Amino acid sequence: MPDLQRRRRPGVAALVCGRRTKWLVVALWLIVFVVAAPLAQKLTDAQDNDAASWLPSSAESTQVLESSKDFRPEIITAIVVYAREGGLTVADRSRIAQDARELRTTHAHGVRGPQTQGPRFDRKASPSAAQIFVPITMGDDGWERLGPAVDSIRDVVGGSGGGLAVHVTGPGGISADSAEAFSGIDSTLLIAALGVVIVMLLITYRSPTLLLLPVIAVVAALFSAQALIYLLAAHAGLTVNGQSAGILTVLVFGAGTDYALLLVARYREELRRHEDRHEAMARALHRAGPAVLASSGTVVLGMLVLLVAEMNSTRGLGPVAAIGVAVALIAMLTLLPALLVIFGRWVFWPVVPHFGSAEPTEHGIWARTGQRLARRPRTVWAATALVLAALSLGLTQLNASGLSNADSFTGKPDSITGQEVQDRYFPAGSGDPLVVIASAGQEAPVRGAVAATPGVVRGSVGVPPGARPEADGRVILEATMTDPSDSDGAKDTVERVRDSVHAVPGAGAQVGGTTAALIDMDAATRHDNMLIIPLVLLVVLIILALLLRAAVAPLLLIATVVLSFAAALGISALAFRFVFDYAGEPTDFPLFVFVFLVALGIDYNIFLSTRIREEAVLQGTRAGVVAGLAATGAVITSAGLVLAGTFAALGTLPVVVFAEIGFAVALGVLLDTFVVRSVLVTSLFLDLGPRVWWPNRLAREDGSAGPEPESAAHEA
């Protein structure tokens, strides 16, 4: 009999967990890890966080940004702001003048000292504030050296003292503080995610030895994914930025640990049925493999749908996330099984699954839950759906219209304080102008159209300092706006300027700058929302239909996930308004939350529904529902807690968008785990019975005598 079982063992499983080949698998992964680790450390250097890497490539603001390089190197302006209540003293003026002289001699990290402008004082008879404009050269490594450049400026001007407030703000100062916030991705986020995984695995397994193996596998997967993405970014043009790098870490830890939990749970079941641990692992891979593959395939394809996005940042996230999940899958189906077989049963200590021992899930809490739900399934699912629909009403509080600079940080860095000081004494758009590029032959009417536009500071239209007056028959102009560049008022001004200059015959004028970029990003995000959300739903529906070979069950599962998404977004919006006091959400917030919740949240429905189908082949649908919930309840709950915890780790970064995405996805995963999967889906399947498999023959032949276990597994 053992020989027969080995002959029937799937080829891939035999390769992964064979008596000799398991050592080869571990050796290959060791080589991969040694090669990948140094490359993974270079991923930060390969990140492209410049504006063009986020903007839509076809947007008007992106074209202006690229064309501006013909007139001068790409620069970003840092603004040093001085202020004293009651007016600047003679000593203050002397200090400010000395700082300006020193800044003009500074060249560190791309600071263009000789082009420093100022000081400029506010227009009061007795000035209370002054500002100095310090340009910083951007380039291929501009984002990386921006922080050191601003630090060098702060070293020159010193800090506040003696009643004189001194801050470094403007686009340069704010971007430097943003870069500092993102710098925690490589350390803080990694440590937080790893800590969550270790704690949750310890709680789940109650074994200090077993938890080490999934951790080893997931760390190997992360380093391998980062190395591969680095190579693609460095040599194949893949766009990686701080946002996608952070989400990559969370996805690999969360999804990888989920797959590990499912595999280990099935392996533990098979260890009770098979004395040979190699055979037990082969059976576990054979039985759990289709669900894990379908789950990961859903996430990978869902992420790849992002490739149709207009936003460069969104489009770049697709392959980055897909690669991370795919590598995590490979690690969990090769490295982890080999390690588990090598270490043997003792790794489960102190709760070792001995051959012939009873399976505890058959009479556990989830078995009892399924039996209770079976009494009144229709009442349960109707009440649950009604509650989730009511929670969805919180969507009325969602304000996904974008965040200002001041609202983008969970704290209040120096640059934001400086911006508030600057706005009190100077035109709010100082240092962050709108940019116009037009035909040189139409410079005069274009200049006049910009100057006459409401919202543009009088006398501010002109050629930028240090720029060439003409390039390839075109001219560049800048203008200061009366409103902050990230405000709705500034957006209205840019729209008016665009209407005015586009109407100038033969000018071929284009309007860019920070505010124009925000407008173009909002338009692209709205397009992406309308296109990507239906495509993701279609992809998931097709995968479920192919996996379950049915039409009704996939539609039910999709409907429950969408309802869960709406409820999670509604609760999150209420929390953001009345608990965390966030000003709003970025425009792409609903899209990211939807993609992650649908692609990841469907995992648990896949795990449950495939097990139900496997049991339904043997004992009928309604009995199979109870058996499937009993078998998967504990592992899916653990997986949901791990995934929610890893996404919640995004909150360790001082960036509002990460905190909001982490909170909403974590909440949605918990809803999927404890409400949608365990209550709503289970009761729906119990109520509909065999009809959920229509048009599959299971809808007609429910409650069969049951084929042999091996053929049942193949059927499922």
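Somewhere in region 105-120, is a residue in contact with a His (Cβ under 8 Å, 6 or more places away or on another chain), farther than 14 Å from G512 by Cβ and surrounded by fewer than 22 Cβ atoms within 10 Å (Cβ to Cβ)?
Kept after step one, since they are in contact with a His (Cβ under 8 Å, 6 or more places away or on another chain), are these residues of region 105-120: 113.
Filter again for farther than 14 Å from G512 by Cβ, leaving 113.
Filter once more, so that each one left must be surrounded by fewer than 22 Cβ atoms within 10 Å (Cβ to Cβ): 113.
Within region 105-120, one or more residues are in contact with a His (Cβ under 8 Å, 6 or more places away or on another chain), farther than 14 Å from G512 by Cβ and surrounded by fewer than 22 Cβ atoms within 10 Å (Cβ to Cβ).
Mind checking which residues of region 646-657 are at pLDDT below 85 and part of a helix (DSSP H, G or I)?
Once the filter is applied, which keeps residues that are at pLDDT below 85 and part of a helix (DSSP H, G or I), region 646-657 yields T646, F647, A649, L650, G651, T652.
Exactly one of (1) at negative phi; (2) in contact (Cβ under 8 Å) with a residue 12 or more places away in the chain; (3) of a type outside the set (F, W, Y) is unmet by G163. Its number?
It fails just one condition, (1).
Out of the residues in region 228-248 meeting the condition of being polar (S, T, N, Q) and not in a helix (DSSP H, G or I), tell me which one is farthest from L190 (Cα to Cα).
Quick first cut of region 228-248, residues polar (S, T, N, Q) only: 239, 241, 243-244.
Among the residues that remain, those that are also not in a helix (DSSP H, G or I) are: 239, 241.
Working: T239: 21, N241: 16 Å.
Filtering region 228-248 for residues that are polar (S, T, N, Q) and not in a helix (DSSP H, G or I), the one farthest from L190 (Cα to Cα) comes out as T239.
So is S94 part of a helix (DSSP H, G or I), farther than 26 Å from I416 by Cβ and not hydrophobic (A, V, I, L, M, F, W, C) or not?
Yes, satisfied.
Please work out if S404 is within 23 Å of the chain's Cα centre (by Cα), in contact (Cβ under 8 Å) with a residue 40 or more places away in the chain and assigned to a helix (DSSP H, G or I).
In short, no.
For region 293-316, how many residues are hydroxyl-bearing (S, T, Y) and within 16 Å of L238 (Cα to Cα)?
The number of residues fulfilling the criteria is 2.
Considering only region 122-150, state which residues are surrounded by 16 or more Cβ atoms within 10 Å (Cβ to Cβ) and either without any contact (Cβ under 8 Å) to a residue 12 or more places away in the chain or part of a strand (DSSP E or B) (or both).
Hits for region 122-150 are A129, A130, Q131, I132, F133, V134, P135, I136, T137.
Given the condition of a type outside the set (V, I, T) and buried (at least 23 other Cβ atoms within 10 Å of the Cβ), answer yes or no: does some residue in region 526-544 qualify?
Yes, region 526-544 contains a residue that is of a type outside the set (V, I, T) and buried (at least 23 other Cβ atoms within 10 Å of the Cβ).
Only residues that are small (G, A, S), buried (at least 20 other Cβ atoms within 10 Å of the Cβ) and not in a loop (DSSP other than H, G, I, E, B): list them for region 465-497, please.
A479, A490 - these are the residues of region 465-497 that are small (G, A, S), buried (at least 20 other Cβ atoms within 10 Å of the Cβ) and not in a loop (DSSP other than H, G, I, E, B).
Being surrounded by 15 or more Cβ atoms within 10 Å (Cβ to Cβ) and closer than 30 Å to V240 by Cα is true for just one of V347, V327, V341. Which residue is that? Quick ask: steps written out before the conclusion?
Values: V347 fails: closer than 30 Å to V240 by Cα; V341 fails: closer than 30 Å to V240 by Cα.
Result: V327 is the single residue among V347, V327, V341 that is surrounded by 15 or more Cβ atoms within 10 Å (Cβ to Cβ) and closer than 30 Å to V240 by Cα.
Test I198 against the stated conditions and say whether it is outside the structural domain of A130 (by TED's automatic domain parsing), touching a Leu at 6+ places or on another chain (Cβ under 7 Å) and among the hydrophobic types (A, V, I, L, M, F, W, C). Working first, answer last.
Working: outside the structural domain of A130 (by TED's automatic domain parsing): yes; touching a Leu at 6+ places or on another chain (Cβ under 7 Å): yes; among the hydrophobic types (A, V, I, L, M, F, W, C): yes.
For I198, the condition - outside the structural domain of A130 (by TED's automatic domain parsing), touching a Leu at 6+ places or on another chain (Cβ under 7 Å) and among the hydrophobic types (A, V, I, L, M, F, W, C) - is met.
Name the one entry in E660, E614 that is among the charged types (D, E, K, R), assigned to a helix (DSSP H, G or I) and within 26 Å of R268 (Cα to Cα). Don't jump to the end; show me each part of the working.
Numbers: E660 fails: within 26 Å of R268 (Cα to Cα).
Unique residue meeting the criteria: E614.
The values are calculated or read from the model by the stated rules, or taken from the named source; none is laboratory data. This structure is a prediction, so every number in the text was calculated from the model and none was measured. When we count neighbours, we look across all protein chains shown, and the Cβ atoms used for this are built from the backbone with ideal geometry, even at glycine.
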